[in-house]
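**Q** Supplied in structure tokens, the structure appears directly below.
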Amino acid sequence: MHIYFKGPSGPYHTGPGFDTIPLLGSQRKMSHTSREKLDLVNRTKKIIGQLESILRALNDDEQCADVLQRLSAARGAINSLMGELMEDHIRNHMPRNSKSSEEATDDLIGIVRTYLK
């Protein structure tokens, strides 16, 4: 099954042969090992499957409670993935010992505000 999405960075696809989504802007590469990357990719694919299940449920006029339960599970999976990636970003990409405590705190607050909207 191929699904076409129109996102803020342009169109992207999921399904066979479409395993990546373009990044927004220029980002530094993630510091994950191959095993961690595989885990993140697999978790993302699971989330995509959950969202496809929600789409099918809506198209099939399934009961609201069932759709809400699926949405809740997908949101939990997304929040968990976001938390792991934010932790990695904070641990590996925020400068250490080069800023004052107040500047580091401001950077951390900026990250949280940016990604937890």
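**Q** Inspect all residues belonging to the range 44-60 and state whether any of them is within 17 Å of Y115 (Cβ to Cβ), modelled with pLDDT of 85 or more and surrounded by 11 or more Cβ atoms within 10 Å (Cβ to Cβ). Lay out the reasoning, then the answer.
**A** Looking only at the range 44-60, we keep the residues that are within 17 Å of Y115 (Cβ to Cβ), and these are 44, 47.
Imposing the further condition that a residue be modelled with pLDDT of 85 or more reduces the set to 44, 47.
Then keep just the ones that are surrounded by 11 or more Cβ atoms within 10 Å (Cβ to Cβ); that gives 44, 47.
Looking through the range 44-60, at least one residue is within 17 Å of Y115 (Cβ to Cβ), modelled with pLDDT of 85 or more and surrounded by 11 or more Cβ atoms within 10 Å (Cβ to Cβ).
**Q** Collect the residues in the range 73-109 that are hydroxyl-bearing (S, T, Y) and surrounded by 11 or more Cβ atoms within 10 Å (Cβ to Cβ), keeping them in residue-number order. So that I can check it myself, show each step before the final result.
**A** Step one: of the range 73-109, the residues hydroxyl-bearing (S, T, Y) are 80, 98, 100-101, 105.
Listed by number, the residues that qualify are S80, T105.
The values are calculated or read from the model by the stated rules, or taken from the named source; none is laboratory data. None of these values were measured; they are calculated from a predicted model. FYI the Cβ positions are ideal-geometry reconstructions off the backbone, even for glycines, and counts take in every protein chain you see.
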